[in-house]
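Here is the structure we will look at, set down as structure tokens.
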Amino acid sequence: MVNTQNKLLLIDGSSVAFRAFFALYNQIDRFRAPSGLHTNAIYGFHLMLQNVMQRISPTHVLVAFDAGKTTFRTEMFSDYKGGRAKTPEEFREQMPFIKDMIDKLGLAHYDLDNYEADDIIGTLDKMAESEEWTVTIVTGDKDMIQLADSNTTVEISKKGVVEFEAFTPDYLMAKMGLTPDQFIDLKAMMGDNSDNYPGITKVGEKTALKLLAEYGHLDGLYANVDEMKQSKLKENIIADKDKAYLARALATINTQAPIQINLSDLAYHGPKKEELLKFYGEMEFNVFKKQLIEGKVGASPKRDEVKYTDFSISDPEISTKEIEVNFEEVNENPEIQPDDFFYIEILNENYHRENIAVFAWGNVKKQYVSKNIELLKHFKFPQNTYDFKKNRVLLSRLGIKLPLVGFDSMLAKYLVSTTEDNKISTIAQLYAKKHLVSDDEIYGKGVKRALPFDEELFPHLARKIKILTETKESIISALKENSQYQLLTEMELPLAEVLAKMEIAGIKVKAQTLHEIGNENELKLSNLTREIYDLAGTDFNINSPKQLGEILFDKLELAHGKKTKTGYSTAVDVLEGLASEHTIVAKILEYRQINKVQSTYVQGLIPQIAEDGKIHTRYVQDLTQTGRLSSVDPNLQNIPIRLEEGRKIRKAFVSSEGSVLLSSDYSQVELRVLAHISKDPNLIEAFKNDEDVHTATAMRVFDIANAEDVTANDRRSAKAVNFGISYGETEYGLARRLGIPNKEAGQIIRTYFARYPEIANYIETTKREAKNTGYVSTMFNRRRKLPDINARHFSVRQAAERQAINAPIQGSAGDILKVAMINLDRALESEGLESKILLQVHDEIILDVPLKELEVVKKLVRLTMEKAVKLVVPLKVEENTGLTWFEAK
DNA sequence: GTAATCACG
DNA sequence: ACGTACGTGATTACT
């Protein structure tokens, strides 16, 4: 027998099962067998097995499990693994089925009283080693790294159930500068929180690594500890010697466990097909079942040609099979079919600054790649893209206009589901059940990011083209099934064109103005800093919440409010409550305010001004859960306005020569949407009569007959209620915000619902809908899925309920502005106007308008926004103009 | 990389 | 008994 061919796979079943359970925990309600059994861990375990079996192709396999609660380690340290949360019942019930499944897959499993899975694996690893077998260990537990050696690779699960980090001695040395046995000493010094044993006080990973670099091992440390210079660290090391050695004993894997199995018992001979089919049926693993039936599973693999085709073909979720491509590099005369996909690659995200690296087009059968930019000048662009806006901007920078397409995979996928991101690799996984190598793997991360050789680069692009083509029909079916096809073609795609124009236009920003504000701020900050140090009696970093907390609550002994995970909270609402206690507090609040303006808006924006004197933001069109846009690099949707100090920043945003900025915003758009969706007669009436909605609410809720009798405080309370309602606010929340007793807040909310009965009804109906279907929709069929809506955890479920209430309101309002933008852009075009849309801030549009067009455009914008959709209440628009954004508000 | 904080609608 | 309003992005500290 030629033993060098033997490959042993050892799996830490307990840790992998636990991993699998939590990896799919957010979808736990979707993984249920007809019997009611949860199956997420079973399913995840299966995925993991398929992946590893296919990658490793072992000849022998064992899945080891922890036995019971107590082990020999408990005898050494009674609190071993104490304080751990109880394993959830939903997990525990799945364990026997996982073992059953392993049997049916033809794999061995084993557990041993008094020992952990680690020890079984360690023992078998050593046995296999003496026979010179190759060993792979798969686990979620980093402790196992100590077993890595020239024959043994330890794979630690990284993310999900199929992403692992493979530790060999070389890799461990490169990554942490440690040998496998030093890794044990690392644990000895650090201790292990999850297993509930301490190491040396105040020694974490950083310190432990330093000590190991200096002293080699734990023994080396203690042999030389006397020579260390006097320090807290030294005292701790000496005092905690026993703890460190106990920790080492606990962390050391026992490679002499009295196991009753032999290596030969672990030989793999393929699955038990009939039993497995029955099992898949019971679990409702239909895809596994289908693959097994259609697959080539027949006879067990022969000893000398171990291929495990059964595993490689039956992977339903993530196939590790290569995506086969058929591509060529093109430098002239491109062949393009109208229904091909077109894709451009850039190395980093910002397409305003980044240049085209390479582009590709084609279909499932044939893919083409090119680096020849000239080719694009007379390119017959096909009908399908991924991220149209990015493509449009990049080509526009070359003076090329990319015609609008019929389909865009990124936008389409976003509409179908916002739960995941919309990367091509995600699309590959969801719609083709294939694994696409990630961009980070091909291009590297951080400073190492670079284009690889064409041999690696071109196939990567070809794979993307292939995946995009392959998945298009499935995504379209999903869209149509959701009645969302129009949302793609009539809203998101045309909007992408408008956004591209806006981004390209950019807004002029005066660096000079920012510098002036910055200088004033610096002066104020240095004065404040000095005053704060004086009042504190010591210098410290005011920007560090930790240090600030220690000054306020330990040194000055102010009463601390809520706490964060890491210490005292020093957030505004806490500090505001303390302002009367000590003069330092007001100074700190002022410092914070100015520092925020200085760092984020002065120092942050100046470098963002491009050579043309403008800032070109990017609108992210496929991110938010509600359908709103977001703005990045820089974010122009959160430029200060509420506080005067920050509002000044808007003076730096100016119109172009001979123009003004026009800012038009919807008044109370979300409450109007709520009136429309809920059809509440009182809310509708308030808007129809153009009443001040907060005053109207105050009158109804506080039973006030005349508007004149509504006090400022009444209106403030009513405003809080009006806003709170659309967020699903609780009695407690309102009480805190208004600083009134819970009972009083509860009474206000009850009266509100009595006066606005249809709103109470909307909330109930929407929650019901979400619970029944798993999602909620906007007026335009945009969806938000709510996987947590039936969660067992009260707080998780409640959060999902609030999201269910809010998403249709926020989302519909967002949709309305999108429609208005598209219509406005078309109107400006058809009227031949030079005015340009520059920015969008959720309920407002900012334009650059030549003075001669101002009167016309003001009216046009107002009309377009008011008529964007027809609601049962009017939409109201207010506008302001000025030479700077500061004035136009 | 994560947490805390704070800017906006 | 829980834990407390929805949706974002940027900066800083700290590990």
Where the eigenvalues come from the Cα gyration tensor of segment A:102-146, what are the semi-axes √(5λ) of the equivalent ellipsoid, largest first, in whole Å? 17, 15, 12
With bins of 10 Å, the percent of all Cα-Cα pairs of chain A per bin from 0 is 2, 9, 15, 19, 21, 18, 11, 4, 1, 0
Applying the Karplus parametrisation 6.51 cos²θ - 1.76 cosθ + 1.60 with θ = phi - 60° to the phi angles of segment A:374-386, what ³J(HN,Hα) value in whole Hz is obtained for each residue in order, glycine and proline being reported as x? 3, 4, 6, 5, 10, 7, 8, 4, x, 8, 10, 9, 10
Once phi is turned into θ = phi - 60°, what whole-Hz ³J(HN,Hα) does the Karplus curve with 6.51, -1.76 and 1.60 give for every residue of segment A:102-109, x standing for Gly and Pro? 4, 3, 6, 7, x, 9, 7, 9
Kindly express, to the nearest 10 degrees and within the range 0 to 90, the angle between helix A:454-481's C-alpha long axis and the longest C-alpha principal axis of chain A. 60 degrees
Protein accessible area in chain A, 1.4 Å probe - carbon and sulfur %: 49 percent
Chain A - mean residue ellipticity at 222 nm from DSSP helices (-39,500 (n - 2.57) per run, n ≥ 4, rounded to 500): -14000 deg cm²/dmol
Principal axis box of segment A:234-292, alpha-carbon based, largest edge first, Å: 64, 29, 16
Debye calc, one equal point scatterer per Cα of segment A:327-504, no solvent, log10 I(q)/I(0) at q = 0.09, 0.10, 0.14, 0.20 1/Å comes to -0.29, -0.36, -0.74, -1.58
Helix axis angle, A:757-773 relative to chain A longest principal axis, alpha carbon, degrees: 30 degrees
How large is ³J(HN,Hα), in whole Hz, for each residue of segment A:324-338 in order, when computed from phi with the Karplus curve 6.51 cos²θ - 1.76 cosθ + 1.60 and θ = phi - 60°, using x for Gly and Pro? 7, 10, 9, 10, 9, 7, 10, 10, 8, 6, x, 9, 10, 9, x
Please list, in chain and number order, the residues 5+ apart from residue A:138 or on another chain whose amide H is under 5 Å from its amide H, with Hs placed from the backbone. A:10, A:11, A:12, A:155
Taking amide H positions as placed 1.01 Å from N in the peptide plane, with prolines and chain starts having none, which residues 5 or more places from residue A:876, or on another chain, fall under 5 Å of its amide H? A:667
Charge dipole (debye, nearest 20) of chain A; +1 at Cβ of Lys and Arg, -1 at Cβ of Asp and Glu: 1720 debye
So for chain A, averaging the separation of alpha carbon pairs under 8 Å that are six or more residues apart and normalising by length, what relative contact order in percent results? 9 percent
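Per residue, how much accessible surface does segment A:327-504 expose to a 1.4 Å probe? Answer in Å², no decimals.
43 Å²
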Tell me the label-point distance for the pair residue A:608, residue A:798, using the 7 Å Cα-to-Cβ offset, in nm and rounded to one decimal. 3.6 nm
Calculate how many DSSP beta bridges within chain A are antiparallel, expressed in % of all such bridges and rounded to the nearest 5. 65 percent
With the 1.4 Å probe rolled over protein heavy atoms, segment A:574-617 has an accessible area per residue in Å² of 48 Å²
Calculate how steeply helix A:669-678 sits against the longest principal axis of the alpha-carbon atoms of chain A, using the helix alpha-carbon long axis, and give the answer as 0 to 90 degrees to the nearest 10. 80 degrees
Report the local net charge at residue A:152: Lys and Arg +1, Asp and Glu -1, summed over other residues whose C-beta lies under 12 Å from its C-beta. -3
Distant-in-sequence amide H partners of residue A:257 (H built 1.01 Å from N, under 5 Å): A:123
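The values are calculated or read from the model by the stated rules, or taken from the named source; none is laboratory data. Here the structure is a predicted model, which is why all the values come from computation and not from measurement. Backbone-built Cβ (ideal geometry, glycine too); neighbour counts: all protein chains shown. For accessibility, only protein heavy atoms count, side chains too; no ligands or nucleic acids. Shrake-Rupley method; radii C 1.70, N 1.55, O 1.52, S 1.80 Å.
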